[in-house]
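A.B. asks: Take a look at this one; I'll ask things after.
Please treat every number below as a calculation from the coordinates, not as lab data. As the structure is a prediction and not an experimental result, all values here were calculated from the model. Glycine gets a Cβ as well: all are built from the backbone with ideal geometry, and neighbour counts include every protein chain shown.
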Amino acid sequence: MRNSSVMGRFATVAVVTTFLLLATTSITPTLGASLLKENSGNINQEKLAAIRELSKAAGAPQRDASINEEEICLTEGCLDAALDLLNAINMTVDPCKDFFQYSCGRWLTNNPVPPSASWWSRFNMLIYEINNVTQEILNEDPNDEDAKPINQVKDFYKSCIDIDAIEAVGLDPLVQIIEDFGGWQLVNPGVWNSTAFDWLKSAAEVRRRSLQSVIISTHVSADLKNTTKTVVYLDQPGFGLPRGVLIAPDNYTDLITTYENFIVEVATELGTSQTEAQLRTGARAIIDLEVELAKISSSDEARYDMGRIYNPYMLNEYQDITDGIDAQFSIAWKSYLDQVFSSSGVEIVESEPIVVNEVEYIRNLIPILKDAAPETVANYIVWRLVAGLVPDTNSAMRNITFKFQQALTGFNVPLTRDETCANAANAVFGMAIGVKYIEAVFDEDAKTEVNQMVENLRSIFKQMVEVADWMQNETKTAAIAKADAMRSFMAYPDWLKDKEAVEEFYEGLELGDSYFTSQLSLALYRMDKGLKGLREPTNRDEFWKFYPGVVNAAYSPELNSITFPAGILQPPFFGKLRPKSQNYGGIGVVIGHEITHGFDNRGSQFDKDGNFQNWWDNVTKVEYDRRGQCMSDQYSGFFAEAAGLHVNGDLTLGENIADNGGLRESYRAYQKYVEDNGEEGRLPGLEHLSPNQLFFIGYANIWCESMTPEELVSQLLTDPHSPAEFRVKGPVRNSADFAEAFSCPEDPDGMNPPAEDECTVCSRYCVNSSIDGSSESEQVRRPISGYD
């Protein structure tokens, strides 16, 4: 997730503001009508009064006379949930016309993007709170009783916030790194030696020493065809600008110019001997080369096809293949890998098994490199190295970097140094910090309760598969087996409470003698740690995608596992006292989202053991693809006015399938809870809303988000998640349950379009049928950023 620095606040009477903050930070909760009388003597009257005042100001309808007082939930958890929603909902909007504005309109008005952010959301508010806890942990004195990495991260953090020391070090370490690479012509053309330049070795060293991928990328990961072992991958690289900008530079001339200025200003700060005209000529040559490379690369959506990007070879076999492309230009693959692995302790052999992700990229790369001027290739490689390192140097370089980032994202002021350093600490030491985070603030009950919700959602998912009339029985059986085999990782790994295990996890990590050199040491440590896994079997039982303080969740297709770190197990996603409508609308949908990822356009290509293998019968697969195309076309029709761009339905398809499936599954799970426990009480100030309606509002509420136009453009070009507005509108437009809950009339432009305009990867009957297969009323019709 992204990070921000300032928490938006609702400007109203002080008591309501105070209660708003309580509602977003305290652990809150559910109680049905049967328990209301038991708690009636402990009602927080001051908070209730604030709710009534806020409800009146928001224009909430008066309570219907048919709703009795005992049907209203007045527990602390319900009061907090009511405050939370009242500060978000815009009751002047018709929920059947625009459910995003209805659910989030008030929140959007009172939570503009802070100056130090490019967007602000419910996720950011939690990140802000966790960052505060992290800073408190990092500012504590070292303790000999703690594991070594916990004390190391405190030292690292202190070196990061010591601006005077960073200024005193200056740019000398960066200059030394540049000299190690043979110099940079944009700074000192007389130093660079064309005869000694080896582009392949330089690209490998950038990868090894800074984690940056330039021209070519490589990493070690599970073999997609046999995930019990790991393999070396060769792949296309990342770029200094979004790929969508580089492949259409004429459409983004301002950003291209800003990128050119970035290169020129960095070279100038390094003390260049070149004139500005010479610098700009060199910078444009760098950009032109990067544009060429981007144009032969594949889009993210093209990379969802596992069959296209899984190309296994023996290293010597692939060497012969690429040597045959052009007899006058060879890429010595073993030399490249030897350099990347040189400090890892792993030896690459001539017959090393490899997987090439982008065969055509490498095929087309060879003539580009053959024809490119060596000095331009050298300048580009060193530029990408330098661009990744300058944020860790002096204030002048940080200011230059900020101007470039500002053009990309639209934020107006940089993060505070404390926030920047907390983020840097978490990037490497997240698990070590997590030890103290769990001790300080985590409620262990959340781990138990959300684990149970995972099982509830898993059960519902399997039942929905069983009644899906478009799936053949053999594929249903395989899908259910995959759901049963899906591992769940909750909150934090158990070994985090074992001091020796924590030290073993960070074995080999050492800091440098300055903040800059520490960053270099940590980059090399992280790279080598990943490479050392090449000869190790995949450990499926200890795989953790996130450290505890992350506000996110994820599915891993290679391991068929879902992960929910401690950071997301709090309001508005979950609270042990919150109404279940809010928990199922929050973390419940997140759980369903991650389960559904196992069956989206990428996850569906992997079997229950995480292996890339087709387990779909032909009839079901054809229908699945048709439904997926429907959803892709549907989302491509969504237009983001602030950016002037449509959503890319192909790029976002997997997340859209997960959003739609997660909402559907969690609503079914909530209905099962109500069936077993009775209907929940209504919320004070929102008595006109049923618990079913509150479920959907709770879902939409987690996507309340403000964003700069620049960030929105970047998201639409690069992010596999749809913008928040469409993560709300898309799934509810495809939901018969939503239309029934809000009694929405059919409206092609609203939230209940005609059946022919709806899309779902599940069938109409799967969506419109109850778990036992019986039909719902035909009056209503029809058949997830953030988290990953």
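A.B. asks: Inverting the mean 1/r over all pairs of different Cα atoms, compute the Kirkwood radius of the chain and quote it in Å. Each step should come with its number before you reach the end.
C.D. replies: On the way: mean 1/r = 0.0357 Å⁻¹.
28.0 Å is the Kirkwood radius here.
A.B. asks: What fraction, in whole percent, of alpha-carbon pairs in region 427-517 exceed 21 Å separation? Walk me through the intermediate numbers first.
C.D. replies: Numbers: 2299 of 4095 pairs.
So the portion of pairs separated by more than 21 Å is 56 percent.
A.B. asks: Just need the relative contact order of region 423-513 here, percent rounded to a whole number, with Cα pairs under 8 Å and 6+ apart.
C.D. replies: Numbers: 28 pairs, mean separation 32.0, N = 91.
For region 423-513, the relative contact order is 35 percent.
A.B. asks: Of Ile348, Ser217, Gln236, whose Cα points farthest to the positive end of the dipole of region 171-392 (charges on the beta-carbon: +1 Lys, Arg; -1 Asp, Glu; origin at the Cα centre)?
C.D. replies: Going by the charge dipole, the pick is Ile348.
A.B. asks: On to the next question. Local charge sum around Pro312 (other residues, Cβ-Cβ under 10 Å, Lys/Arg +1, Asp/Glu -1)?
C.D. replies: Numbers: positive: Lys225; negative: Asp223, Glu317.
Summing Lys/Arg as +1 and Asp/Glu as -1 gives -1.
A.B. asks: Calculate the spin-label point distance for Glu347 paired with Val359, positioning each point 7 Å from the Cα along the beta-carbon direction, and give it in nanometres.
C.D. replies: That separation, rounded to one decimal, is 3.1 nm.
A.B. asks: Residue farthest toward the positive end of the dipole of the chain, with Cβ of Lys/Arg at +1 and Asp/Glu at -1: which of Ala523, Ala736, Val450?
C.D. replies: Ala736
A.B. asks: To the nearest 20 debye, what charge dipole does region 376-455 have about its Cα centre, counting +1 at the Cβ of each Lys and Arg and -1 at the Cβ of each Asp and Glu?
C.D. replies: On the way: 6 positive and 9 negative charges, 163 e Å.
Using only the charged Cβ atoms, the result is roughly 780 debye.
A.B. asks: Please give me, ordered by residue number, the trypsin sites (Lys or Arg not before Pro) of region 252-336 that lie in loop per DSSP and have at most 11 other Cβ atoms within 10 Å. Intermediate values should be presented prior to the final figure.
C.D. replies: On the way: sites: Arg280, Arg284, Lys295, Arg303, Arg308, Lys334; in loops: none.
Nothing satisfies the criteria.
A.B. asks: Here's another thing I want to ask about it. In 5 Å bins starting at 0, how do the alpha-carbon pair distances of region 130-199 split up by percent?
C.D. replies: For region 130-199, the binned pair fractions read 3, 13, 16, 13, 10, 10, 10, 10, 8, 6, 2 percent.
A.B. asks: Just for the chain, what percent of DSSP beta bridges are antiparallel, to the closest 5? If you can, show how the numbers build up before the last one.
C.D. replies: Values: 24 of 33 bridges.
Of those bridges, close to 75 percent are antiparallel.
A.B. asks: Right, another one. Among the lysines, select those whose C-alpha is under 25 Å from the C-alpha of Lys436, and discard any that sit fewer than 8 residues away in the same chain.
C.D. replies: Lys148, Lys154, Lys158, Lys447, Lys497, Lys499, Lys529, Lys545, Lys576
A.B. asks: If you don't mind, there's one more thing I want to ask. Would you grab the residues whose amide H sits under 5 Å from the one on Arg682? Only those 5+ places off in sequence or on another chain, please, with H modelled 1.01 Å from N.
C.D. replies: Ile72, Cys73
A.B. asks: How much length, in nm to one decimal, is gained on full extension between Ser488 and Asp443, taken as 0.36 nm per residue of separation minus their Cα-Cα distance?
C.D. replies: Values: separation 45, 0.36 × 45 = 16.20 nm, distance 1.84 nm.
Stretched fully, the Ser488-Asp443 segment lengthens by 14.4 nm.
A.B. asks: If you don't mind, another one. What full-extension length gain, to one decimal in nm, is calculated for Ala65 and Ala332 as 0.36 nm per residue of separation minus the Cα-Cα distance? Numbers along the way, then the final one.
C.D. replies: Details: separation 267, 0.36 × 267 = 96.12 nm, distance 8.03 nm.
Computed gain between Ala65 and Ala332 is 88.1 nm.
A.B. asks: Summing -39500 (n - 2.57) over the DSSP H runs of n ≥ 4 in the chain and dividing by its residue number, what mean residue ellipticity at 222 nm do you reach, to the nearest 500 deg cm²/dmol? The partial results should precede the final answer.
C.D. replies: On the way: 33 runs with 403 residues, N = 788.
Rounded to the nearest 500, the figure is -16000 deg cm²/dmol.
A.B. asks: Based on the Cβ-Cβ distance from Gln278 to Thr228, what FRET efficiency comes out when R0 is 41 Å, to the nearest 0.05?
C.D. replies: Working: r = 55 Å, r/R0 = 1.33.
That gives a FRET efficiency of 0.15.
A.B. asks: Quick one: if the Förster radius is 25 Å, what FRET efficiency do Lys529 and Ile321 give, using the C-beta to C-beta distance and rounding to 0.05? Write out the running numbers ahead of the final one.
C.D. replies: Working: r = 31 Å, r/R0 = 1.23.
E between Lys529 and Ile321, to the nearest 0.05, is 0.20.
A.B. asks: Give me His646, His597 ranked fewest to most by other Cβ atoms within 10 Å of their Cβ, as a rough exposure proxy.
C.D. replies: Lowest to highest Cβ neighbour count: His646, His597.
A.B. asks: Answer with one residue from Phe612, Gly586, Ala285: the one whose Cα lies farthest towards the positive end of the charge dipole of the chain, charges on Cβ with Lys, Arg +1 and Asp, Glu -1.
C.D. replies: Value computed over the given set: Gly586.
A.B. asks: How large is ³J(HN,Hα), in whole Hz, for each residue of region 289-304 in order, when computed from phi with the Karplus curve 6.51 cos²θ - 1.76 cosθ + 1.60 and θ = phi - 60°, using x for Gly and Pro?
C.D. replies: 5, 5, 4, 4, 5, 4, 5, 9, 7, 9, 6, 4, 5, 5, 7, 6
A.B. asks: Still on this structure, please answer the following. Under unit Cβ charges (Lys, Arg +1; Asp, Glu -1), what dipole magnitude, rounded to 20 debye, does the chain have relative to its Cα centre?
C.D. replies: Working: 65 positive and 115 negative charges, 117 e Å.
Here the chain has a charge dipole of around 560 debye.
A.B. asks: Percent of Cα-Cα pairs more than 31 Å apart in region 171-392, please.
C.D. replies: Working: 5424 of 24531 pairs.
Counting pairs separated by more than 31 Å, the tail of P(r) holds 22 percent.
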